[in-house]
There are 2 protein chains.
Amino acid sequence: MAAGENITIKDIAEKCGVSVTTVSRVLNDKPDVNDETRSKVLKVIEESNYRPNGMARSLVINQTYSIGLIIPDINNPYFPEVARGVEDQAQNSSYSVIFSSTDNKLEREQEVIDLMLQKRVDGLIVSLSLANKDILKRLESKKIPVVQLDRRIPDSIYPAVMIDNQRSAYNAVKFLIDEGYKRIAHITGNLQTVPGQDREDGYRKAILDNDLRLAEDMIIEGDFSKQAGYDAMNQMIERGNLPEAIFAANDMMALGVLEACRQAEIRIPEDLVLMGHDNISISNLVYPALTTMAQPKYKLGREASKMLIDLINIKQKKGSLEKEDLFADQILETKLVKRSSTARF
Amino acid sequence: MAAGENITIKDIAEKCGVSVTTVSRVLNDKPDVNDETRSKVLKVIEESNYRPNGMARSLVINQTYSIGLIIPDINNPYFPEVARGVEDQAQNSSYSVIFSSTDNKLEREQEVIDLMLQKRVDGLIVSLSLANKDILKRLESKKIPVVQLDRRIPDSIYPAVMIDNQRSAYNAVKFLIDEGYKRIAHITGNLQTVPGQDREDGYRKAILDNDLRLAEDMIIEGDFSKQAGYDAMNQMIERGNLPEAIFAANDMMALGVLEACRQAEIRIPEDLVLMGHDNISISNLVYPALTTMAQPKYKLGREASKMLIDLINIKQKKGSLEKEDLFADQILETKLVKRSSTARF
DNA sequence: CTGAAAGCGCTAACAA
DNA sequence: TTGTTAGCGCTTTCAG
């Protein structure tokens with residue numbers, strides 16, 4: 001109650017009748033402290049409810065034990081799980097995480113990175129908009145540890161933790177083919193993005209590898225939004241030329257397909273089977289539950305966090321961070337999750 | 001490329017041939033600097049790509065411009081939107097936010113608060129597990145600005161930003177009554193929590209106020225989980241005594257009800273109308289779309305953030321924070337969102 | 001309008 | 001085993 005003032009290491013030292021150095025030593029678990037002294041100091045610390053000032057400490061050791069997480073939008077169903085993975089792993093090493101949503105706006109990305117740099121975060125986990133290599137270049141020249149998440153900016157030396165979108169899409173389509181479907185349509189993601197492009201490539205490759213006919217009118221361009229899926233499905237309905245199966249580039253679009261089908265009284269999976277990608281939590285809650293390729297979202301976050309902290313440790317040890325110190329990209333596997341939307345009995 | 005070393009205010013001062021004081025002045029937009037000097041310094045800063053060290057600054061001004069956000073789980077569909085609100089508002093005032101998930105574990109709450117206190121966050125937005133008043137008491141004695149979010153720990157002096165759960169539930173049930181339903185069941189939330197209790201109270205009050213029969217077997221205890229909703233619905237089905245309408249204490253449980261009904265071939269809304277609470281994003285994506293009471297999640301986050309920053313400013317100005325400085329609770333309105341699950345044509 | 005000097009709370013040689 | 005002394009990079013009196 002009494003004072004509002006923060007109590008400092010000096011206060012503790014005085015109360016114990018020792019020097020601040022000694023207190024600092026017990027605070028940091030250094031050897032070379034008499035057991036009696038140590039326990040006395042510990043006792044006073046405990047009684048005073050003292051917490052060392054992290055900023056003062058950071059200032060001298062030149063390390064803040066915080067990392068920045070920069071993503072498009074924490075509200076996007078993909079990211080909360082990733083964020084949780086980042087956080088859990090960070091906590092393991094006593095790091096805190098500062099997060100920021102950018103809405104893929106270049107300007108915002110710039111701002112928040114600047115802010116974090118001023119706060120002297122030890123490193124950054126970023127999911128940046130494409131063609132933003134300038135920012136990364138600046139980071140490189142400052143030797144800031146960075147790992148990219150989910151997306152990879154071509155041209156950057158920083159490692160990425162992500163999935164193999166092409167391979168994953170390939171496997172999705174391969175599954176559909178193995179189930180016996182031949183006329184398989186694809187609703188693409190935003191083709192301005194690498195995942196959008198790669199997933200389409202995977203679709204094409206799977207069709208060709210399996211000697212099916214690659215019909216361009218079976219590929220409809222979307223943009224990862226639910227509306228795009230809805231529109232694409234209606235387009236197919238109008239054309240009166242329904243496929244046997246649809247692979248939507250993500251779950252959100254698949255939900256749009258679902259809605260359009262419901263309105264047109266097309267039954268899924270009886271009349272048409274449907275598959276998404278990502279396994280966002282919703283996909284198991286809709287009816288029929290969506291078959292999809294599950295991204296290991298939590299693990300992506302965890303691994304990115306782990307890699308970043310490793311990088312930070314290397315930098316601390318060597319006193320700098322060179323290109324050779326950076327790790328290779330880490331590609332995690334997606335997993336097929338079979339649910340009712342492809343289940344014909 | 002050259003050095004990895006961070007450039008400091010001293011470097012800038014030397015390059016300009018002025019003192020660090022002067023550089024500091026232009027950095028902080030102080031008056032009393034010759035225009036020529038100012039622009040020269042600005043130029044050098046720009047050229048050197050210099051960013052002042054926030055920690056050093058914080059150490060002397062005793063303010064970090066970061067706030068902590070402590071929630072049960074960023075993965076819970078309720079929180080990402082709240083978090084985004086907190087962040088957007090914080091950003092407006094150039095604050096960063098450090099977040100942590102606690103899974104409602106007392107021990108974790110303790111840990112992360114300690115960590116944030118060491119980092120000297122300027123204030124905290126918390127959504128703590130019940131009966132955790134000890135933590136808040138400690139915070140009070142340290143004069144840390146805190147605002148509670150979504151939940152309010154009884155006994156704490158800290159203000160909360162939340163909704164009126166009882167009133168909201170009341171309005172939900174009132175809507176059902178106005179639609180002409182008389183036999184209305186309620187699946188409760190976790191009754192160990194205040195929102196769980198309050199929503200049940202609201203249900204009871206609405207039934208009684210409108211001269212309907214309050215049947216205890218129409219109230220089934222749940223815990224906010226989808227499974228609980230599923231189980232509750234099946235229990236009603238087994239009893240063979242279906243209500244005309246169900247008010248589930250949250251959307252997740254309503255989803256469970258939906259699934260049970262599908263399996264039992266009970267049609268919604270034709271055979272039974274259903275209503276949830278919260279308006280999590282999923283509720284508009286399932287079929288039939290869920291009627292619900294929408295929590296202003298984004299706004300809750302924003303308002304909490306705003307209130308906290310106001311508190312911080314008061315503390316800075318006065319040099320301390322007293323009980324009288326704290327604001328009153330802020331209660332935001334929920335809003336009825338009508339969708340197909342209650343729409344009979 | 002500008003600078004010298006002290007100090008924020010801590011750690012890290014270097015002595016003792 | 002302990003203490004003295006310098007800083008870390010910045011802001012802020014207080015003099016000029």
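The values are calculated or read from the model by the stated rules, or taken from the named source; none is laboratory data. The model shown is predicted, which means the values in this text are computed figures rather than measured ones. Here the Cβ is made from the backbone with ideal geometry for all residues, glycine too, and neighbour counts use every protein chain on show. All accessible areas refer to the heavy atoms of the entire protein, side chains included, with ligands and DNA or RNA removed. Shrake-Rupley method; radii C 1.70, N 1.55, O 1.52, S 1.80 Å.
Some notes on this structure:
- Accessible area of B:Glu244 (1.4 Å probe, protein heavy atoms only, ligands and nucleic acids ignored): about 70 Å².
- Dividing the summed helix terms, -39500 (n - 2.57) for each DSSP H run of n ≥ 4, by the number of residues in the protein assembly as shown produces a 222 nm estimate of -14000 deg cm²/dmol to the nearest 500.
- Starting from the label point of B:Lys30 at 7 Å along Cα→Cβ, the same points in the other copies fall at 3.4 nm, in ascending order.
- Rounded if a/c under 1.5, otherwise prolate or oblate - the stretch B:184-228, Cα gyration tensor axes: oblate
- For A:Tyr50, solvent-accessible area (1.4 Å; no DNA, RNA or ligand), Å²: 10
- Candidates B:Ile67, B:Ile125, B:Ile135: whichever shows maximal mean-square fluctuation once chain B is modelled as a Gaussian network with Cα springs under 10 Å: B:Ile135
- Net length available on complete extension from B:Thr8 to B:Leu332 is 112.0 nm, with 0.36 nm assigned per residue and the Cα-Cα distance removed.
- Partner shielding of A:117-123 amounts to 5, given as the average count of beta-carbon atoms from other chains within 10 Å of each residue beta-carbon.
- Separation of alpha-carbon centers, the stretch A:282-299 and the stretch B:147-200, rounded to whole Å: 31
- Heavy-atom accessible area per residue - the protein assembly as shown, 1.4 Å, Å²: 44
- Charge tally around B:Thr8: other residues with Cβ under 13 Å, Lys/Arg +1 each, Asp/Glu -1 each, net +2.
- Computed from phi, the 3J(HN,Hα) profile of the stretch B:306-314 under the Karplus parametrisation 6.51, -1.76, 1.60 (θ = phi - 60°) reads 4, 4, 4, 5, 4, 4, 4, 5, 4 Hz, with x in place of Gly and Pro.
- Angle in degrees between helix A:106-118 and the longest Cα principal axis of chain A, rounded to the nearest 10: 20
- The region of chain B that goes longest without hitting one of the trypsin sites (Lys or Arg not before Pro) in a DSSP loop, each with at most 11 other Cβ atoms within 10 Å, is B:1-212.
- Taking a straight Cα-Cα cut-off under 12 Å and skipping sequence neighbours fewer than 8 places away in the same chain, the aspartates and glutamates within cross-link reach of A:Lys226 are A:Asp251, A:Glu259.
- The value of relative contact order for the stretch B:182-309, using C-alpha pairs under 8 Å at least six residues apart, is 23 percent.
- The value of relative contact order for chain B, using C-alpha pairs under 8 Å at least six residues apart, is 17 percent.
- The angle between the Cα long axis of helix A:165-178 and the main principal axis of chain A comes to about 40°, on a 0 to 90 degree scale.
- Partner shielding of A:93-106 amounts to 3, given as the average count of beta-carbon atoms from other chains within 10 Å of each residue beta-carbon.
- With all protein chains modelled, accessible area of B:Leu336 [1.4 Å, Å²]: 60
- In straight-distance terms, cross-link reach from B:Lys15 covers every one of the lysines whose alpha-carbon lies under 20 Å from its own, apart from those fewer than eight places away in the same chain; here that gives A:Lys142, B:Lys40, B:Lys43.
- Prolate/oblate/rounded label for chain A (Cα gyration tensor, a/c 1.5): prolate
- Gyration tensor (alpha-carbon) shape descriptor, the protein assembly as shown, a/c threshold 1.5: oblate
- Sequence-ordered 3J(HN,Hα) estimates for the stretch A:88-98 from the Karplus curve with 6.51, -1.76 and 1.60 and θ = phi - 60° stand at 4, 5, 4, 4, 3, 9, 6, 9, 9, 10, 9 Hz, glycine and proline given as x.
- Nearest-ten-degree value, helix B:35-48 long axis tilted from longest Cα axis of chain B: 70
- Available extension along the chain between A:Asp211 and A:Asn62 is 47.7 nm, counting 0.36 nm per residue and deducting the alpha carbon span.
- Look at the stretch A:53-62: the mean tally of other chain Cβ atoms within 10 Å of its residues' Cβ atoms is 6.
- Between copies, the label points at A:Gly319 (set 7 angstrom from Cα along Cα-to-Cβ) are spaced 4.5 nm, reported in nanometres from shortest to longest.
- In the stretch A:131-178, the portion of solvent-accessible area held by carbon and sulfur atoms comes to 47 percent [1.4 Å probe, whole percent, DNA, RNA and ligands not counted].
- Per residue, the average separation of C-alpha pairs within less than 8 Å and at least 6 apart gives the stretch B:97-212 a relative contact order of 19 percent.
- Exposure rank, largest accessible area first [A:Tyr181, B:Tyr287; 1.4 Å]: B:Tyr287, A:Tyr181
- Inter-copy label distances at B:Asp134, shortest first and taken from points set 7 Å along Cα to Cβ: 5.4 nm.
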